[in-house]
Each structure stands twice: as structure tokens, then as C-alpha cells.
Amino acid sequence: MGAFSSKITKARTKHFDKDAWTGPWRFAENWSDLLDANRAFLRGETNRSPYYRSNISPETQSLVPGLLELHEFGFLTYSSQPFRDDEDVKFSRCECGQRAAYEQIKQRAFLSFLVPASALGGHAQRFRAELESEHEIHVATLEYAGSCKEGTCPIPSIIGQSNADVGL
């Protein structure tokens with residue numbers, strides 16, 4: 001019976017350790033705390049985040065220094081992937097319809113982030129306009145002001161979206 005009890009204790013401890021990553025996110029009191037929690041994930045100090053249930057993928061590792069730098073300016077990045085150039089392009093045989101063909105798959109770079117308008121020092125609209133002026137960047141802007149601590153979070157409204165190619 002002692003061995004069985006010991007196994008349960010180990011299982012609970014393992015479960016607790018596995019879920020310990022939630023603490024910094026759950027108990028964050030301000031934006032800076034959330035940035036710190038995300039920095040820990042990006043540096044590999046935790047193996048999960050609320051938006052990604054595993055370690056950072058190998059293709060994202062090259063982006064980490066830049067992502068961490070964005071955090072210094074108040075940008076919380078939560079989804080990204082690098083562009084894959086021609087040497088990484090994959091050709092595969094596609095049995096589409098009645099003809100056999102080859103398809104070429106390329107990967108476009110993208111970055112999704114959250115930033116409080118206050119972190120932009122009153123320049124939120126100018127920042128958005130700068131992004132939209134780049135025709136290869138797709139911009140979708142959501143605006144929300146409030147707190148989700150009470151458990152009721154209204155859906156943010158989209159205040160603008162451009163028609164370019166890359167998601168941001």
C-alpha cells in the first residue's frame with residue numbers, strides 16, 4: 001500500500017510540475033508580468049504557454065532573438081513563422097483530378113502580437129498606418145479595453161484590416 005501511495009504522490013507531483021507554467025500567466029497583475037511570462041516561454045524556461053502547448057518549434061528558434069526584442073517595446077508575440085526561401089521549397093506530386101501534376105509549397109512569414117495602445121505612446125493609429133503602407137503586410141487590428149479577471153471577456157471589435165498578403 002505504501003508503494004501505491006508513493007506512485008500517486010509522484011503522479012501528482014509530475015502533474016503539478018507539468019502545469020506549473022500556468023502560474024505566471026494566471027497570476028499576472030499587469031502587462032509587464034504577461035511579457036515576463038512570455039519571455040520565459042520564448043527562452044525555453046517553460047515548455048508551454050496559453051497559446052502553444054509544446055516547446056517552440058525548431059523553425060521558430062531563429063526568430064526568438066527578434067521576438068524577445070519586440071517584448072522590450074511592449075509587444076507580446078504569440079504566433080509566428082519564418083519565410084522559407086527557394087532552397088526550402090518542396091515539390092510534391094499531386095494526383096489532382098484527371099491529370100498528375102506537381103505542386104510547389106512555399107511558406108510566408110507572419111507575426112501575430114498584442115500590444116496595448118498605451119505602449120505606443122499615443123501613436124497607435126500612426127503605427128497601424130505605417131504597417132498598412134507596406135503592401136506585403138496584412139494587418140488586422142483589434143481594439144479592447146477592459147479586464148477579463150471577472151471571467152467575462154467581451155469579443156474585441158475589428159477596427160481595421162488591410163488587403164495585403166502576410167498576416168500580422
**Message:** Show me the strands (runs of 3 or more DSSP E) found entirely inside the stretch 105-163 where at least 1 residues are of a type in the set (Val, Ile, Thr), under 21 Å from the mean Cα position of the chain (by Cα) and modelled with pLDDT under 75.
**Reply:** 157-161
**Asked** Counting just the residues of the stretch 38-49 that are of a type outside the set (D, E, K, R) and closer than 21 Å to residue 73 by Cβ, which one comes out modelled with the lowest pLDDT?
**Response** 49
**Prompt:** Can we say residue 60 is in a loop (DSSP other than H, G, I, E, B), at pLDDT 85 or above, among the β-branched types (Val, Ile, Thr) and surrounded by 10 or more Cβ atoms within 10 Å (Cβ to Cβ)?
**Reply:** no
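The values are calculated or read from the model by the stated rules, or taken from the named source; none is laboratory data. None of these values were measured; they are calculated from a predicted model. Note that we place each Cβ from the backbone using ideal geometry, even for glycine, and neighbour counts take in every protein chain shown.
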